[in-house]
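All remarks here apply to the structure that follows.
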Amino acid sequence: MNLKRDDLVFIALALGIYLLAGSSFSYWYSHNTKANLLADVDQRLAHATGKASRLLDPGFHDRLLAGAPVKAGEHQANTLMLQQYSQHLDCEKLFTVALQDGRLKLCAANWPLAQNDAMTADLKTVDYAASLASGQPLHQTIEYQGRPIRLYGQVLTTPGGRRYLACAGTDVGYMASLLKAQQHETILIILAFTLLALALTMLHRRIYLAYSARLAAEHRRHKSAEEIFREGDALLRSVSRVTQQFLNPADWTQEVNAAIRILGESASLSRVQIFKNQGETPNLRFEHRFEWVAPGHRSLEFPAPGGIRYGGLGLGRLSECMHQGDSIIVGCAAELSESEQVLMERYNIKAVILMPIMTAGHWWGFISFEDCEMGRVWSETEIFALHTAVSSLGAALERKHAEEAIKLNEARLETLLNLNLMSSASIEELVQFTLWQQVKLTGSELGYIALLDDSENLAAVHLMSANQIRIVDPASAEASDPETPWQILRRRRQPLIVNEYLEAPKRIAAEPERFIHREVNIPLLDAGRLTVIAGVANSPRPYREADITQLNLLIQGMWRLLQRRQAEAEHLRLVKAVEQAAETIVITDAHGVILYCNPAFAKLCGYSRDEVRGRLAQSFVVRDGQRDLGDVIEEIQQSIRVSGFWQGLTLNRRSDGSTFPVENTVSPVQDADGRLVNYVAVQRDVSHERDLETQLRQAQKMEAIGTLAGGIAHDFNNILSAILGYTELAMHDLAEDSRTHQRLREVHKAGLRAGELVKQILTFSREGEHERKPIRLQPVIEEALKLLRGTIPTTIAIEAELDRRCGLVMADPTRIHQVVMNLCTNAYHAMGSGGRMRIELKECAVSEADGLIGLKPGRCVCLSVTDSGSGMDARTIERIFEPYFTTKAPSQGTGLGLATVHGIVTSHEGAIRVESAPGAGSTFAVYLPLIAGEARQDSESILRPELLQGHEHILFVDDEQALVELEQQLLEDLGYRVSAFCSSRDALTAFRSDPDGFDLVITDQTMPGLTGLELAEALLEIRPGIPIILCSGFSESLSRERLERLGVRLFLPKPVIATRLTQALREILDADERRTAAG
């Protein structure tokens, strides 16, 4: 090549201009990128400083700067919190500084602070005081341990009005390598563009000169010099304009359309079209991108996106030529093959030049210059000029691809940074952000992310189409077709790229109306398990390996955040479960020092959690009277060595000094190396279970007493029957005013009182009958007070105020007697050795406003017992009616007295109210509803002046010989004929021999051989309707309904009073006699 001086000067000048422009652009681009990166870092650090200030105690800086002592362990806690948060946000330094007495003080940091600790020399180089004085944020990049650290400080104000600087710093060394690589890349691109521009400029100069020479030669042969210059200059100017437009295009589409218009008009063409290749050999296709049509010519129609296969149109030969970089120049159709001629005729093309567009040695597509009017002889000048323009287009495309690659890399980096900052986003937000970005960065129309469960089945599918994201039902997305992306990836577990759906597009299972022309799918494996499948589809360009890399980076970043969120959620659930557990949970170190306790432990022991933390676990355990504390610890250690855990009971102490039994399960915690690091103890208060055991033992004891009472009641009542019977006989034979008669009357009263005592014993053992009847309470209360006076010390004054006008209540006298006895006994125990007891009975009116639950509004009888004892607090009052609850010593009560009173009052449809206060005594008021009517007199407690006589034949049966003789003598003295037997079987035999010879049968219930009921059944079977009176000292389960069903006329509990017996005989016999006379 012979370069003249003018050429060298031109080259040097152009090269200088291009290099100056390129270096200016490189400096501006690098500086702008660095500023953007630093702005992103400062924003993240500002977020970190704001969060760090909220983590610290609001009053921490005020106390520290005022010289007040900080809380124990507060520095360590602040350091731990800042360390955890700085690791979370990838901050290397996180600390706060302030001015104290004009000197800079380091307040808190994410590294341990010793006493009077100062900042390192590297950190001291920062002018913190200036920021504190101005209130402006601190932005500075410093050298720290040989590394560049970006430091950001935010001026904050404490509640006390003091300023402090919250600082965060992170390593920005990666920016240097990033910017350096970017700078190298930019320099290479600029250098390439410079060389290309220089070559184009030189080519333009050469073309101009060559074209001028050629025009001169042509002019000499055919045309005038002026015409040749005009045509060559027009074409040259067109190429020059096209080249300039491609150097700095503002709008790529607009510039390309303008370029092909200029070329078409300058070369007098009918149509200029640009086509882009798609796919790979052998299925290479092309699609229409740009077109210019001269006036008077029609535009061509092409199929929908997807492209046309070269072979399908018979362009296989032409595509092979263009793939090699050769142009196809056709002056007329005769130069082509038959199939190619058919294609030209279809589109009315007379002459055409097909020139390949090459970018970085790759065949990008081709441009078609068409003349639809006539065949044409393409001159070398036209071919050369059009080739130059096409080369400029290829170079511009190559530059455009390089710029797009740089922008794509920046977008990828920004996306990954944004994704890493979404640690607080929800799972749905993370998936949707990732899906949006993967579609955007790959230039796709469709995309999806499918999350799989542990069995690798679809759990959730997020689908993006038409710029909208929706969640698809996994059942509809999971097609049975084995060739769906997830089915293929389950088998292959490798990324899948398909760019070959152009002739037979695939339908989307979730959206049947949409088709897939090309797609890329990737799997994400975690420990060999398929966890996520992601993919995009319908990009305008073929998918490449770079798209797989992009998808992998996005999905891996999303999965790491999802795993972190799941781990945080599991940790939060575990913390909540431990914090809210009813059982107490304690974690200690290997030496038994408590590191953590849940609220249940603190509540149970009565300590705050701060008081518990740092103490030895065994300090809460006391000796239980059987084992020493050392024995318990040795037992725990031995059990853990053998079994891996320990379960057992200990006696623990509360903060108030009280003790309670605890069931413990202690387990060791080991680190990855198998070393013991912690103990975990789960404890449960078993006080309630212990109380239940105590109550069960007490109930069993009372059951035994009840069984004993039932066993002796029969025999005791038989004895009382004999005593009372003979007493009555003796009293009957004596004058009422004699001293002996009066003494016997007292004996009779004592016997009656003994009978009532037996009834009380049976009532307590729940074996006695409770017959309610209209009664007045005054006699019952007076009788109870007589018994109490002999048992209560005379140092206790008993005052009784009983209103004689009180009406009737429906009650069981025996159980009301028990209520009075229990209330008075309870009052006596409350007073101890001395005091005053007041018993009052009166009528009153109650309403719903009185709050007496279970008592209907109306007139009532109120029985109140008031003592001058020690009184009770509100907590004790709440529990006094609980069974086995007592404040007395074990020898003074069982805890059943007031519970029994409450049960009796409730069963009588009444209510009880308690009024008491510590040191002010107590009042128990029992309310029973009044009824109308007359009181029934108890024949057992009233001695009639005479015994009723008769003449009938009585069959008397009892296994007690003394009672048989007594009753026989009594009844015979009254005129009755008596057949008495000690054996129920003998009595049955006598009755069977003469069933009509007896008028009435009196039988005991508990007898050997046949019981009273069995004998009654046998007698009634022989003679239905025979009157039978059943007597018993122990009623067992004899209900009135059962006796009436069997035919027993009357049940008389022992001891049987003579007057009651003779009265019953006359009532039954006289009633039968009246029925016989009437019938």
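The values are calculated or read from the model by the stated rules, or taken from the named source; none is laboratory data. All values derive from a computational prediction rather than experimental measurement. Note that each Cβ is placed from the backbone with ideal geometry, even for glycine, and that neighbours are counted across all protein chains shown.
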The stretch 437-450, residues that are in a strand (DSSP E or B) and closer than 14 Å to I522 by Cβ: G447, Y448, I449, A450
Residues within the stretch 370-387 that are in contact with a Leu (Cβ under 9 Å, 6 or more places away or on another chain) and within 14 Å of P356 (Cβ to Cβ), tallied: 1
All positions within the stretch 841-856 that are assigned to a loop (DSSP other than H, G, I, E, B) and touching a residue at least 12 places away in the same chain (Cβ under 8 Å): L852, I853, G854, L855, K856
Matching residues, the stretch 981-1008, being within 16 Å of P1027 (Cα to Cα) and either crowded, with 19+ Cβ neighbours inside 10 Å or within 60 Å of the chain's Cα centre (by Cα) (or both): A987, L988, F991, F998, D999, L1000, V1001, I1002, T1003, D1004, Q1005
Residue that is modelled with the lowest pLDDT, among those in the stretch 3-23 that are of a type outside the set (A, V, I, L, M, F, W, C) and surrounded by 10 or more Cβ atoms within 10 Å (Cβ to Cβ): D7
Test for L808: is it modelled with pLDDT of 85 or more, over 29 Å from G921 (Cβ atoms) and in the same structural domain as H902 (by TED's automatic domain parsing): yes
Tally of residues being surrounded by fewer than 15 Cβ atoms within 10 Å (Cβ to Cβ), at pLDDT below 80 and not charged (D, E, K, R) across the stretch 86-137: 10
Cβ-Cβ under 6 Å pairs, at least 6 apart or on other chains, the stretch 898-909 side under 17 Å from T825 (Cα atoms), far side assigned to a helix (DSSP H, G or I): V901/V819; V901/N822; I904/R815; I904/V819
Considering residues of the stretch 680-699 that are at pLDDT below 80 and within 18 Å of K603 (Cα to Cα) only, the residue surrounded by the fewest Cβ atoms within 10 Å (Cβ to Cβ): H688
Residue in the stretch 373-390 that is in contact (Cβ under 8 Å) with a residue 40 or more places away in the chain, of a type in the set (D, E, K, R), surrounded by 20 or more Cβ atoms within 10 Å (Cβ to Cβ) and in a strand (DSSP E or B) present: no
Residue pairs meeting the criteria (Cβ under 7 Å; at least 6 apart or on separate chains; first more than 15 Å from L196 (Cα to Cα), in the stretch 1-27; second modelled with pLDDT of 65 or more): F25/I190; S26/Q183; S26/T186; S26/I187; S26/I190
Residue in the stretch 885-897 that is crowded, with 17+ Cβ neighbours inside 10 Å and modelled with pLDDT of 70 or more present: yes
Residue count for the stretch 170-191, restricted to those that are touching a Phe, Trp or Tyr at 6+ places or on another chain (Cβ under 7 Å) and not β-branched (V, I, T): 0
Top-ranked residue of the stretch 520-570 - restricted to ones that are touching a Pro at 6+ places or on another chain (Cβ under 6 Å) and surrounded by 20 or more Cβ atoms within 10 Å (Cβ to Cβ), ranked as farthest from L284 (Cα to Cα): I533
Test: residue in the stretch 978-994 that is at pLDDT below 90 and of a type in the set (D, E, K, R): no
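From the list F981, F1051, F998, which one is touching a strand residue (DSSP E or B) at 6+ places or on another chain (Cβ under 7 Å), farther than 22 Å from L729 by Cα and touching a residue at least 24 places away in the same chain (Cβ under 8 Å)?
Sole residue among the options that is touching a strand residue (DSSP E or B) at 6+ places or on another chain (Cβ under 7 Å), farther than 22 Å from L729 by Cα and touching a residue at least 24 places away in the same chain (Cβ under 8 Å): F998.
Listed residues T763, T791, T727, T740; which is within 30 Å of V865 (Cα to Cα) and modelled with pLDDT of 70 or more?
Result: T791 is the single residue among T763, T791, T727, T740 that is within 30 Å of V865 (Cα to Cα) and modelled with pLDDT of 70 or more.
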